[in-house]
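All remarks here apply to the structure that follows.
Every number in this text was worked out from the coordinates using simple rules, so none of it is lab data. Model, not experiment: these values are computed from the prediction. Neighbour counts run over all protein chains shown; Cβ positions are idealised from the backbone, glycine included.
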Ligand SMILES: Cc1cc2nc3c(=O)[nH]c(=O)nc-3n(C[C@H](O)[C@H](O)[C@H](O)COP(=O)(O)O)c2cc1C
């Protein structure tokens, strides 16, 4: 039976969840990373194309490669986080469609650069949103960031040019002791029309 989540679960994913960049010192193990992907992979995407690719940056060596591409205001907190997830999109995601969308030939949609880019970015962004929700579902906090030099990140982590970064997420078990008040949200009346 499907039903509305219990109040505690809803609070963990929405009301009580924050974009958080400060964490306690608990590490994120490989089993948790696998669980995180197993949930995230179920995100809906156009043609089931799943263009997002993920790089989990955990070692000191990998963090040292990430550090120079971060904006100065994001650098310290990103390096201090137990783990950083780079979410990128695969500019040749459509090559996987015979496997991911068996029985349908949609190659004609993915010939020109612009529809490839817009579908890749749009769907990978949806997947990134699911990654945040999956992280919260597993008791983690996520701090999304676009404050980095994407071209420099791509040169460092994706030198063959195929993957293109969209977002870096700081992940860990949140320390809320110094978090700012949550920003206001638009009211239903201001954001929604029911026709
Ligand atoms: C696409 C995106 C880019 C963001 N970039 C940054 C960033 O570069 N640095 C930062 O500290 N926070 C960044 N944030 C965090 C937002 O400021 C935060 O999600 C928003 O204020 C809502 O906060 P809340 O989830 O705690 O309510 C980003 C969030 C998103 C979704």
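Return yes or no: is residue 25 assigned to a helix (DSSP H, G or I) and surrounded by fewer than 16 Cβ atoms within 10 Å (Cβ to Cβ)?
Answer is no for this residue.
Test residue 153 against the criterion of being out of contact with any helix residue (DSSP H, G or I) (no Cβ under 6 Å at 6 or more places or on another chain), within 16 Å of the ligand (Cβ to nearest atom) and assigned to a helix (DSSP H, G or I), and give yes or no.
no
Every residue in the range 58-82 that is more than 16 Å from the ligand (Cβ to nearest atom) and touching a residue at least 40 places away in the same chain (Cβ under 8 Å), please.
Within the range 58-82, 65, 82 qualify.
Could you run through the range 167-186 and say how many residues are touching a strand residue (DSSP E or B) at 6+ places or on another chain (Cβ under 9 Å) and away from the ligand (no atom under 12 Å from the Cβ)?
Total meeting the criteria: 4.
A quick yes/no check of all residues on (1) within 23 Å of residue 21 (Cα to Cα); (2) part of a helix (DSSP H, G or I); (3) more than 9 Å from the ligand (Cβ to nearest atom); (4) under 21 Å from the mean Cα position of the chain (by Cα):
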residue	(1), (2), (3), (4)
126	yes, yes, yes, yes
130	yes, yes, yes, yes
134	yes, yes, yes, yes
143	yes, no, no, yes
165	yes, no, yes, yes
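Could you check residue 112 against (1) loosely packed, with under 13 Cβ neighbours inside 10 Å; (2) under 23 Å from residue 28 (Cα atoms) and say which number it fails?
(2)
Answer with yes or no whether residue 102 is assigned to a loop (DSSP other than H, G, I, E, B) and either free of Cβ contacts under 8 Å to residues at least 12 places away in the same chain or surrounded by fewer than 19 Cβ atoms within 10 Å (Cβ to Cβ) (or both). Show your work before the answer.
Working: assigned to a loop (DSSP other than H, G, I, E, B): yes; either free of Cβ contacts under 8 Å to residues at least 12 places away in the same chain or surrounded by fewer than 19 Cβ atoms within 10 Å (Cβ to Cβ) (or both): yes.
Yes.
Restricting attention to the range 13-46, which residues are within 16 Å of the ligand (Cβ to nearest atom) and more than 18 Å from the chain's Cα centre (by Cα)? Can you show your working first?
First, the residues of the range 13-46 that are within 16 Å of the ligand (Cβ to nearest atom): 13-23, 40, 43.
Of everything in the range 13-46, those that are within 16 Å of the ligand (Cβ to nearest atom) and more than 18 Å from the chain's Cα centre (by Cα) turn out to be 15, 16.
Quick check: is even one residue across the range 170-188 assigned to a helix (DSSP H, G or I), within 27 Å of residue 23 (Cα to Cα) and in contact (Cβ under 8 Å) with a residue 60 or more places away in the chain?
Looking through the range 170-188, none of the residues is assigned to a helix (DSSP H, G or I), within 27 Å of residue 23 (Cα to Cα) and in contact (Cβ under 8 Å) with a residue 60 or more places away in the chain.
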